[in-house]
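The values are calculated or read from the model by the stated rules, or taken from the named source; none is laboratory data. These numbers come from a predicted model, not from an experiment. Cβ placement follows ideal geometry from the backbone for every residue including glycine, while neighbour counts extend to all protein chains displayed. All accessible areas refer to the heavy atoms of the entire protein, side chains included, with ligands and DNA or RNA removed. Shrake-Rupley method; radii C 1.70, N 1.55, O 1.52, S 1.80 Å.
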Amino acid sequence: MSAEEIPTEDAVERHPLNDRFDWSVLSGELRLVSPDQLASWDRDGFFLLEDALDRDTVERVIREIDPHEAKVEAFLRAQKEGRYSIARAGEISFTTHLVTRSAYLAELVQSRLFQDLTHDLLGPEVRLYWDQAVYKKPGTRMPFPWHQDNGYNFVEPQSYLTCWIALTDATLENGCPWVLPGLHRRGTLRHWRTDLGFQCVRDPETEHAVPAPAGSIVVFSSLTPHATGPNLTDGVRKAYIVQYAAAGARRVAVDPGTGQRTHTPQDDPQRQFRIPIAKSRLAQLRYGG
């Protein structure tokens, strides 16, 4: 069954490219992540890192993103039915590859905070994989469906790191993240297309809401099924999502002509640059820019 076919049952199945998978966590020195957070990462596939960015940094990040997001919104409004792929004018926008347009953000994603976080969860050799802002606009009543980040583009190693940075308070009312603890241990799941985005789980019973105050980071695996709720407030819910993968990560796809698997290194020097992880120990729970 392909990723586009909608299942007739609620069974959770492996992705067709997920031949084998063993979940594991690193051992050794922890520079930033606490033992309790590491245990949550192992058991549940996520944890909340509170007060990671100070207010001045959050405000600067928003100032860096807003002009680029405004261009994306204008583009969406010019499209037929006001949408492009899963982005919808006046509802939800995705502003990608911001590190190629903002020297400040390129510096931020390589800061000591993220050096230590990636060191603890991925190891000493890490590259930026993806970055994007996601703005959910007032009155957006449709949720974003349950998915794994590795369900959109299948990457090996399958588990990479997603840092969902709250730029405004993410609440139950404006679309905070929800996660499904434990399913990350199965590896990448089969996804199917919906009008709102890829989906891998329908009507779960163990969902867990993760409200995140501005400046906090919801840290989760690319294999952790997650969703966001509607924004029923009169403000924009703003998030900046930064993802990191182990050096040597490759995107895997199937050639439609031959049926053979292709492997594309995820090492674009402009937007997937190496993170220079410091060798000395200097834990830093807050980043001030």
Of Gln132, Gln115, Gln110, which residue is touching a His at 6+ places or on another chain (Cβ under 8 Å) and at pLDDT 95 or above?
-> Gln132
Single residue of Val254, Val219 found to be hydrophobic (A, V, I, L, M, F, W, C) and open to solvent by 70 Å² or more (accessible area, probe 1.4 Å) = Val254
Note: among Leu76, Leu48, just one is part of a strand (DSSP E or B), farther than 20 Å from Ala246 by Cα and modelled with pLDDT of 95 or more, namely Leu48
Pick from segment 223-242 the residues that are in a loop (DSSP other than H, G, I, E, B) and touching a Ser or Thr at 6+ places or on another chain (Cβ under 6 Å): which of them is most open to solvent (accessible area, probe 1.4 Å)?
-> Pro230
Subset of segment 136-163, residues open to solvent by 10 Å² or more (accessible area, probe 1.4 Å) and modelled with pLDDT of 95 or more, comes to Lys137, Pro138, Glu156, Pro157, Gln158, Ser159
Members of segment 79-90 that are assigned to a loop (DSSP other than H, G, I, E, B), surrounded by 14 or more Cβ atoms within 10 Å (Cβ to Cβ) and either small (Gly, Ala, Ser) or at pLDDT 95 or above (or both) | Ala89, Gly90
Only residues that are closer than 18 Å to Asp66 by Cα and either under 14 Å from the mean Cα position of the chain (by Cα) or open to solvent by less than 30 Å² (accessible area, probe 1.4 Å) (or both): list them for segment 105-135, please.
-> Leu105, Ala106, Leu108, Val109, Asp131, Gln132, Ala133, Val134, Tyr135
Going by the structure shown, is Ala245 in a strand (DSSP E or B), among the small types (Gly, Ala, Ser) and open to solvent by 30 Å² or more (accessible area, probe 1.4 Å)?
-> no
Selection status of Leu30, in contact with a Leu (Cβ under 7 Å, 6 or more places away or on another chain), surrounded by 16 or more Cβ atoms within 10 Å (Cβ to Cβ), hydrophobic (A, V, I, L, M, F, W, C) and assigned to a loop (DSSP other than H, G, I, E, B) | yes
